[in-house]
1. Among residues belonging to region 256-280 that are part of a strand (DSSP E or B) and open to solvent by 20 Å² or more (accessible area, probe 1.4 Å), point out the one that is nearest to THR225 (Cα to Cα).
2. Taking region 90-134 as the region of interest, how many residues are hydrophobic (A, V, I, L, M, F, W, C) and under 36 Å from the mean Cα position of the chain (by Cα)?
3. With the structure loaded, tell me whether HIS199 is in a strand (DSSP E or B) and open to solvent by 20 Å² or more (accessible area, probe 1.4 Å) or whether it fails that test.
4. Only one of these is basic (Lys, Arg), over 46 Å from the mean Cα position of the chain (by Cα) and open to solvent by 50 Å² or more (accessible area, probe 1.4 Å): LYS63, LYS13. Name it.
5. Would you mind telling me which numbered condition in (1) in contact with an Asp or Glu (Cβ under 9 Å, 6 or more places away or on another chain); (2) assigned to a loop (DSSP other than H, G, I, E, B); (3) open to solvent by 40 Å² or more (accessible area, probe 1.4 Å) ALA140 fails?
6. If a residue has to be surrounded by 13 or more Cβ atoms within 10 Å (Cβ to Cβ) and polar (S, T, N, Q) to count, how many in region 99-129 make the cut?
7. Considering only region 207-221, how many residues are surrounded by fewer than 21 Cβ atoms within 10 Å (Cβ to Cβ) and either out of contact with any strand residue (DSSP E or B) (no Cβ under 7 Å at 6 or more places or on another chain) or free of Cβ contacts under 8 Å to residues at least 60 places away in the same chain (or both)?
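The values are calculated or read from the model by the stated rules, or taken from the named source; none is laboratory data. Note that the structure is a prediction, hence the values are computed from the model and not measured. Cβ atoms come from the backbone with ideal geometry, glycine included; neighbour counts cover every protein chain shown. The protein model used for the area step is the full one, side chains on, heavy atoms only, and it has no ligands, DNA or RNA in it. Shrake-Rupley method; radii C 1.70, N 1.55, O 1.52, S 1.80 Å.
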Amino acid sequence: ILELAGISERMAKLDFDARYEGGMKNEVGILGENINKLSAALERTISELKTANNELQKDVEKKEQIDEMRKEFLSNVSHELKTPIALIQGYAEGLQEGISDDAECRAFYCEVIRDEAGRMNQFVQKLLTLNQLEFGNDVAAMERFDLHEMLATFLQSADILTKQNGITVKLDGDRPCYVWADEYKTEEVIRNYFSNAIHHCSGEKIIHFRLVRRADKVRFSVFNTGKPVPEEALPHIWEIFYKVDKARTREYGGSGVGLSIVKAIMEAINEQYGVINYENGVEFWFELAAN
């Protein structure tokens, strides 16, 4: 009985290692066996409760994180839309009030309104694209196509933009260069990399595209001269709304969504992507299965 009293005292302190080992066949022995069973059951129950509590704590932390992300998302969307909305409202009010009878001035007002509306539309479309990719609602259609031809056609259409910015474009790589991927999504990645390069190109003002065959892969890369990405920013540049330029000036360009779309697309087709810093610039790359 004293042994059982000691075991029960240890159980009260949540120590379940003690066991009754008397081996008696009488009522005391039966009580000892039942205490052993009770000890094991209590240990299992407490273990399950601790596990459940740990999962609940993670759920609470995740909810708090989601709430914080939601607040940050709304803040960033508001920030991105605030300026174009203000410009559209201001110039529309100017037209309504007949601020000028000059046809050229009115045309300028209309052009600003049209440009800012286009900027908002492009921003919203990017958010919708990212949402579809991250929730798996946009299935990648794998097909064979010539990546070099796609790139050459894209650069031809973007020629006016590079000339306006005084940028020299170079393209290296064998032609043709066939790959397997989603053609539309691949062009979207190239478009976002190119837009990023345009916004950050400085110094010699050179953008260099390369296509390099590596075993069963083709690596596409775009290098732009300019300042390297700060080392502390490298792990975050793929995050939505992240900008290296904390001032977020419109002249700096970008909505902070483009590289997030790149990340979502490349992960959707299970291919590698990344960024490399150089002393005189930055190189963004991705790989596709070669034919």
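1. So, considering only residues that are part of a strand (DSSP E or B) and open to solvent by 20 Å² or more (accessible area, probe 1.4 Å), the one nearest to THR225 (Cα to Cα) is TYR278.
2. Matching residues across region 90-134 total 12.
3. Judged against the criteria, HIS199 is not a match.
4. LYS13
5. All conditions pass for ALA140, except number (3).
6. Selection size over region 99-129: 2.
7. Final tally of qualifying residues: 5.
Table: residues versus (1) polar (S, T, N, Q); (2) farther than 18 Å from PHE286 by Cα.
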site	(1), (2)
HIS148	no, no
ASP159	no, yes
TYR178	no, no
ASP182	no, no
SER195	yes, no
CYS201	no, yes
PHE209	no, no
VAL222	no, no
GLU239	no, no
